[in-house]
């Protein structure tokens, strides 16, 4: 046996043509001789319907979903120079139609199944249409020819009408002509293009010389192949092939989650465009040299690099990329025109930070394994492994890679006196033929160069995004070709200039803010400057700065005499009120830190927080005291404090420093218990100055509305912005917050000109104002934060604001002290309606990085995890040193000793203008109604309930499109849902109690054994959230449909709420159901209607609607005639 080195030497000695043939053999695109184990394909029975091949069937099905779609058209424009004989052109065309039945085939349903119908007359009657543009000036003639070509490319084929090849001859002048060959992919593939042009040239030359066709008769036709394929690929042959693919595609399949520039349409529409680049010659040579050294083909090396690029863009180690294989492994198929090409899904896993060499080895093994099992059509794999379809994505894979080395038509022998060449600069993009989100096509050029072309869905991506991706791919290729031993973590898609931009230029936010003071001293300065100014409003109660400062000072002195010491923690179990503000300031002035305790939290959660923070004193009210029953902490009831006027009204001596904790806020934790975030005074002081710098608080705005819950750090932000700048803080009662009319009345009555909303509250207010004719013209600073909202909503709010209103989207996390970034659109800016509003740029003293899993900066447009650095970070998690070290990590880019950055767990990417786009959560933390929660905490509590074996939680949408929390349980003895919810309410805040519960036999898992959250089913909230029982048909339409479904799906009983796909339905069965339904009701429902209405209950409504539409078109006389004819 040869060694690897000996085989590489032998390969190096092959000629160029021999290497091309070897590559084709490895990719299954050619054979040196027929496999003796295979019998030759014979003629199909003359009396049997001709079925579609598996590949054809899928294209036919997709075309039926959208008959007006021309995405499966292929256009080959050819320029013909020299004398032209139209009679010869017609004779050649007729001979081509005669030789290749597939070109004159139509496709129709026979007994519910699509079949091929060959037109027998076309070879005798066909004439090529001729369009004469000779009367136009040369420039105008070519422009018109291009317009006609684009029109032809956009013209769909009628599957029920032959032919599947259209020819149009455009005469530009006496010596220059354009021949447009337009074909539907159901009748040809790339290999067929070469056959078509070769035979056209040979036939034209022979007929021009008065000779008969020199081409030998074809032994079989495409219909014979389709019939043979259906007969051969079944039983043990199919089982042996599928056994391999079950290992590759079993379990939950990864869905490529490329971040898009536009929202994904509900139904994929294939608006395909292309961008391309030519790789430098030295890079192409380096890639080939590296491939040879690593023992892989160029195809495998480029595919490995493409998978690495996708990994960088998605942060998904596991991916499936499709590729084409010619599907002509038998000699009798080589000269046929037809759709033989098959797709192979190539799955890989880049987990564990492999080297690129290791990626090459994995891709090589996967590729060769797929080549050895290439006979199973992709349609059969889709039917077997993805029974549930998503019309918005292609099944199994959403990206493709193709290395194109098929000879161009110009390489063929050309007839004398007639020169044919491809119209190289023609724009035939409308005839694109690859149906994925994105496809990388690499062309091997005659001079050894490589042209990389991305074909992409323009309804998802902008051209600029794809152009950046091309440049990044070239950068990646240069890195791996020079050093394939690098680990993926050391690879970078960034140039030095881009690295400078994303790490430093866009983070030039350092400002010399003073950090040697405490946050309450800002308030004290304002109280000394303007003691008579109104500081606080709550209902009818109003306090001036002097009054508020006096009461806070007196409480501070009281707390000190009661034993509250410097650095201690004081719990505040108070509702939002004047007392809440006094308590916050009093605790801070006493040198302690406050711990906000939401009185609505379950008692067990409050007890944990008190114990974890080692709170010595708790300030509360008599009405809320019962919520703290059983605690061993000292409770100080506000009503029982006595006469605080006995205590000094002066500012107490400072007992805290900038490094001292100011508050501890507890956020959701993954262990089932919340975690306390410790925020120091200095970070809060800097945060105030960042707001002052960005918003101009001192003078621009005067009256601030406070709406956030006390336990939410935005509440602290409201206090700091207002009282630090000398403004008035208006506390919004909870009942007012939930009533948009009352909320707007409060804003108007108090002259509020600054407010921070969560989008949920803002949406209700906007809807009210739009209906009532009100506006927000008095606002000078309107901030929305803490949750996502969309461009359409931003525009709606902006229309209600005045010309001087600043409309800001803010982003922040508790660990980075309230707000970290902000976005403000320009006056003329238009945000995409269905895209989330960007979170903008970092505030002063803040750095924002987008890094990959391995801590390296991501290029523009490439998603990663958002890290926040700078001098405004929290101290860490209280008594959680391990978690603090995990989340607050050293900042290697700051250039400062001890600099830290916080891992937010949020996915984000930089836009080309330097603003940041939020993409969602990377880990299990999510935001629901503005509150960040950790799904792991909810799952931990669920698992503690009797009878629960497994549990998962996820955010889904209800019927109105609003997010809700859903629990997925595997259980052996669970009580009713009401009892479960009651038990959860004892342990979880209301916003963390699932709104729906779904019982599953098992939780879907990834191949790595993790819960596959993408595979968790959507809740059917139209009926009980628990598993639905059988529901019988209730109308004649439902009865007829249930009978059809039962026959097609081979089920004795089908309920009207059962999902067609969950019962095992797939594309071929859809065809049968629609065919029978149309026959039964004399309708013409499209195939996609069953995708859109997959239950009998919903589909019956679609049928009834179509029947009514049909009947409403009849007048009384026509209806009477029909009745009499029954």
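Bear in mind these aren't lab numbers, they're just calculated from the coordinates by the rules spelled out. Because the structure is a prediction, the values reported are computed rather than measured. Positions of Cβ are backbone-derived with ideal geometry, glycine not excepted, and every protein chain shown enters the neighbour counts.
Three semi-axes describe the equivalent ellipsoid of segment 125-211; taken as square roots of 5 times the Cα gyration tensor eigenvalues and ordered largest first, they are 23, 20, 12 Å.
Placing one equal scatterer on every Cα of segment 284-335 and applying the Debye formula, the log10 ratio I(q)/I(0) at q = 0.19, 0.20, 0.25 Å⁻¹ is -0.79, -0.82, -0.93. By DSSP, the beta bridges lying fully in the chain are antiparallel in about 70 percent of cases. Among 783, 955, a tally of other beta-carbon atoms within 10 Å of each Cβ gives an order, fewest to most, of 955, 783. So how far apart, in nm, are the two label points at residue 69 and residue 194 if each is 7 Å from Cα heading toward Cβ? In this crude spin-label approximation the distance works out to 2.9 nm. Relative to the current alpha-carbon distance between residue 632 and residue 269, full extension at 0.36 nm per residue lengthens the span by 124.2 nm.
What translational diffusion coefficient, in µm²/s and rounded to a whole number, does the Stokes-Einstein relation yield for segment 725-822 at 25 °C and a viscosity of 0.890 mPa s, taking the hydrodynamic radius as the Kirkwood radius over Cα pairs? Estimated diffusion coefficient is 175 µm²/s. Pairs of Cα atoms nearer than 8 Å and 6+ residues apart set the relative contact order; for segment 1036-1125 it is 30 percent.
Taking label points 7 Å from Cα along the Cα-to-Cβ direction, residue 1059 and residue 236 give a separation of 3.8 nm.
The slack in the chain from residue 1002 to residue 979, taken as 0.36 nm per residue of separation less the alpha-carbon distance, amounts to 6.1 nm. A Förster radius of 30 Å, combined with the Cβ-Cβ distance separating residue 896 from residue 525, puts the computed FRET efficiency at roughly 0.55. What is the distance in Å between the Cα centroid of segment 337-351 and that of segment 134-196? Cα centroid to Cα centroid, the span is 30 Å.
For segment 50-225, the equivalent ellipsoid derived from the Cα gyration tensor has semi-axes of 29, 21, 12 Å, listed largest first. Entry note, the chain: relative contact order of 9 percent, from Cα contacts under 8 Å with a spacing of 6+ residues. Each of the peptides 894-902, 767-775, 333-341, 564-572 was scored by the mean count of other Cβ atoms within 10 Å over its residues; in descending order, highest first, they stand as 333-341, 564-572, 894-902, 767-775.
Rg and Dmax over the alpha-carbon atoms of segment 1036-1125 stand at 14.2, 45 Å. Sorting the segments 486-492, 629-635 by their residues' average number of neighbouring beta-carbon atoms within 10 angstrom, most packed first, yields 486-492, 629-635.
Please report how far the C-alpha centroid of segment 197-261 lies from that of segment 1041-1108, rounded to the nearest whole angstrom. Measuring centre to centre over Cα atoms gives 31 Å. Taken over the C-alpha atoms, segment 142-284 has Rg and Dmax values of 22.4, 63 angstrom. Principal axis extents of the Cα atoms in segment 675-753, from largest to smallest and rounded to whole angstrom, are 39, 36, 16. Computed over segment 477-562, relative contact order equals 14 percent, with contacts defined as Cα pairs under 8 Å that lie 6+ residues apart. Quick one: in segment 605-763, what % of C-alpha pairs are over 20 Å apart? Result: 66 percent of Cα pairs exceed 20 Å. Here the extension length gained between residue 623 and residue 124 equals 170.0 nm, from 0.36 nm per residue of separation less the Cα-Cα distance. Considering every alpha-carbon pair of segment 820-860, the percent of pairs per 10 Å bin, from zero through the bin containing the longest distance, is 24, 38, 33, 6. The modelled label-to-label distance for the pair residue 277/residue 1047, using points 7 Å beyond Cα in the direction of Cβ, is 5.8 nm. Across all directions, the average projected area of the convex hull around the alpha carbons of the chain is 54.4 nm².
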